[in-house]
Amino acid sequence: ILGGYEAKPHLRPYMASLQLDGQHVCGGFLIAEQWVLSAAHCTEEMDGRVFQVLLGAHSLREPEPHKRLYRVRAQIPHPGSNIHNNKDDLLLLQLEEKAELNAHVRVLPWQREDRDVAADTVCEVAGWGTISHSGRRPDKLYQVERPVISRDVCNHRTRHDGTITEKMMCTDSRKKDTCKGDSGGPLVCSGVAEGVVTAGSRVCGNYKKPAIYTRIAPYAAWIDGVMAS
Ligand SMILES: NCc1cccc(Nc2n[nH]c3ncnc(Nc4cccc(O)c4)c23)c1
């Protein structure tokens with residue numbers, strides 16, 4: 001998260017850190033007791049390893065009472081996701097067991113109504129992604145508030161030039177933005193997850209490349225289907 005600030009501990013009890021060999025790789029969030037939603041692109045550097053999912057954390061390193069690392073039983077990328085574009089960039093992770101829910105570990109409601117969030121709506125995004133252009137990685141969860149920008153503005157020739165589909169949304173990226181390691185985290189508007197961070201052009205903090213999110217509502221049937229299977 002660039003241009004943000006340290007989150008108040010445990011006010012985002014749905015946040016997940018997807019880890020490989022004890023290292024934070026991507027964000028994610030709890031959508032059901034045994035299911036975490038993240039981004040398919042996060043599986044690109046896995047080389048056959050499987051994620052572990054850290055729940056209940058504020059600090060990645062320090063011991064905390066409700067922090068717990070869960071093994072992953074299954075990782076299901078959306079069938080339409082691929083490494084060449086941002087389409088269908090969603091990943092469902094089934095935990096080995098149901099997460100133990102408490103004040104620090106809670107499910108986040110997600111939007112099922114497929115309707116665009118109005119431009120200028122201020123939403124919030126959090127993550128353990130890099131907090132500087134030099135790539136400094138935080139130990140604590142950071143967050144930032146960002147206004148939604150319309151798909152037309154985001155698709156302008158000088159921005160993402162027509163690549164933003166109706167299953168994506170954008171927020172302004174001037175100075176305050178998502179960055180490396182924030183992928184997979186939720187864009188939360190009025191307490192409801194509306195989108196999942198996708199890296200897009202991978203640029204951070206440049207107003208010419210607004211942040212891109214996979215909208216969740218268009219994928220409700222897929223999410224429900226996988227969780228029911
Ligand atoms: N703001 C959109 C967004 C959301 C999520 C991730 C991303 N970026 C990245 N995702 N993956 C990456 N691998 C290497 N470098 C990356 N960006 C980077 C790193 C240091 C300085 C800088 O200016 C940009 C990214 C970008």
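Only the coordinates and a few stated rules stand behind these numbers; no lab work does. Because the structure is a prediction, the values reported are computed rather than measured. For neighbour counting, all protein chains shown are included, and Cβ atoms are generated from backbone atoms with ideal geometry for every residue, glycine included.
Give the Cα extents of the range 140-229 along the principal axes, in whole Å, largest first.
Sorted largest first, the three principal extents are 42, 35, 23 Å.
In whole Å and largest first, what semi-axes does the C-alpha gyration tensor of the range 81-209 yield when each eigenvalue is scaled by 5 and square-rooted?
Semi-axes, largest first: 24, 18, 15 Å.
Based only on other Cβ atoms within 10 Å, what is the fewest-to-most ordering of Tyr142, Tyr213?
Least crowded to most crowded, the residues run Tyr142, Tyr213.
When the convex hull of the Cα atoms of the range 1-117 is projected onto a plane and the area is averaged over all directions, what value comes out in nm²?
For the Cα atoms of the range 1-117, the hull's average projected area reads 8.6 nm².
Report the label-to-label distance for Tyr5 and Ala228 in nanometres (one decimal), using points 7 Å from each Cα along the Cα→Cβ vector.
Label at Tyr5, label at Ala228, 4.4 nm between them.
Considering just Cα atoms, how many Å³ per residue does the convex hull of the range 99-145 enclose?
145 Å³
With the dipole of the chain worked out from charges on the C-beta (+1 for Lys and Arg, -1 for Asp and Glu) around the Cα centre, which of Cys26, Gly225, Gly80 lies farthest toward the positive end?
Farthest along the dipole direction, towards plus: Cys26.
Out of the DSSP beta bridges found with both residues in the range 139-229, what percent are antiparallel (nearest 5)?
DSSP beta bridges in the range 139-229 are roughly 100 percent antiparallel.
May I ask you to list the lysines whose Cα is less than 29 Å away from that of Lys175, ignoring any residue fewer than eight positions away on the same chain?
Reachable lysines: Lys8, Lys87, Lys140, Lys167, Lys208, Lys209.
Over all distinct alpha-carbon pairs, what is the Kirkwood Rh of the range 188-229 in angstrom?
It is 12.1 Å.
Given the rule -39500 (n - 2.57) for each run of at least 4 DSSP H residues, summed and divided by the residues of the chain, what is its mean residue ellipticity at 222 nm, to the nearest 500 deg cm²/dmol?
That comes out to -1500 deg cm²/dmol.
Need one number: the % of Cα-Cα pairs in the chain sitting beyond the 32 Å mark.
It works out to 10 percent of all Cα pairs.
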